[in-house]
Amino acid sequence: MKILLTNDDGVAAPGLWAAARELSQVGELTVVAPSKERSGAGTSISLKRPIRVHEVASEVEGVHAFAVSGTPADSAIVAIRSLFEDQFDLVVSGINRGSNLGHDVYVSGTVGAAMQGYLHDIPSMAVSMYAYTDLDFSAVARVAALLAKRVATGVLSGPMFLNVNAPNAAIGAIRGIGVTSLSQNSYCDRVDRGVDDDGQYYLITRHEDMHEAPEGTDLWAVEHGIVSVTPLPDRVVDERFIALLERVVPDIQDELLATVNQRA
């Protein structure tokens, strides 16, 4: 099995190489990641701008590593569509320093890179830590490798896009692994103002206190010592709203056609 590993923390990030050490035991691994940290880049790509790629020293024997001047999504696209002739069987993005939970997935560079694998019909996963300091990557790196093994053996097949978040704990301290849904938390829920020599500025951040997360969501899981595995794209509207929309759309269509007929 051929595995592409990328991230948004940059090609030198410790989490990337923690994942590489585990994933290299599962298949033929190649690392293609941004040359520097690109957190919060989401799904952005460098349209019509030159992207530079150069090989860098690898921390895992037998694994080739490349640094990309662009975004996490650029890294995945260039690797999949141009840098290598053979199709990858799995794309892994991470391990990210810090979580990607709830609505943060829509601005996450970690998730954005994995999404490119999914959009190219390759099973993909984004992997993150629910912490920023004193990180123990052992449990989540092992979970990523165990999921990769299931892809290799065909146990997990078909379209796959997973968002994995893990508590900052050793393997023996993990309380379980749960299939979860997205919580409602977001990085974009607070804007602070400040002043510097150039005048007033705005800083997008988050409240220190997370919203209380319902049981079964990704945030609830990691707060209870459980590794969260969220299938994406997650259902962001409920079935009642979908049913309402399906009833409304034909009326809008009729009004649109009526307008055209009135102008004829």
Take the stretch 61-84 and flag every residue that is surrounded by fewer than 20 Cβ atoms within 10 Å (Cβ to Cβ) and part of a loop (DSSP other than H, G, I, E, B).
GLU61, GLY62, VAL63, SER69, PHE84
Determine the pairs where a residue that is within 27 Å of PRO123 (Cβ to Cβ), located within the stretch 232-254, has a partner that is modelled with pLDDT under 80 and not aliphatic (A, V, I, L, M) with Cβ atoms under 6 Å apart, the partner being 6 or more residues away or on another chain.
none
In the stretch 139-191, which residues are within 13 Å of PRO123 (Cβ to Cβ) and of a type in the set (Gly, Ala, Ser)?
ALA144, ALA148, ALA152, GLY154, SER157, GLY158
Mind checking which residues of the stretch 106-142 are polar (S, T, N, Q) and in contact with a strand residue (DSSP E or B) (Cβ under 6 Å, 6 or more places away or on another chain)?
THR110, SER124, SER128
Look at the stretch 54-112 and say how many of its residues are of a type in the set (D, E, K, R) and in contact (Cβ under 8 Å) with a residue 60 or more places away in the chain.
4
Restricting the stretch 89-121 to residues that are surrounded by fewer than 23 Cβ atoms within 10 Å (Cβ to Cβ) and among the hydrophobic types (A, V, I, L, M, F, W, C), which is farthest from VAL164 (Cα to Cα)?
LEU119
Report the residue count in the stretch 18-32 for those that are surrounded by fewer than 21 Cβ atoms within 10 Å (Cβ to Cβ) and part of a helix (DSSP H, G or I).
1
When you check LEU162 against the structure, is it within 22 Å of LEU90 (Cβ to Cβ), assigned by TED's automatic domain parsing to the domain that holds ASN96 and without any contact (Cβ under 8 Å) to a residue 12 or more places away in the chain, yes or no?
no
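The values are calculated or read from the model by the stated rules, or taken from the named source; none is laboratory data. None of the values given here were measured: they were computed from a predicted structure. Cβ coordinates were reconstructed from backbone atoms using ideal geometry, including for glycine residues, and neighbour counts include every protein chain displayed.
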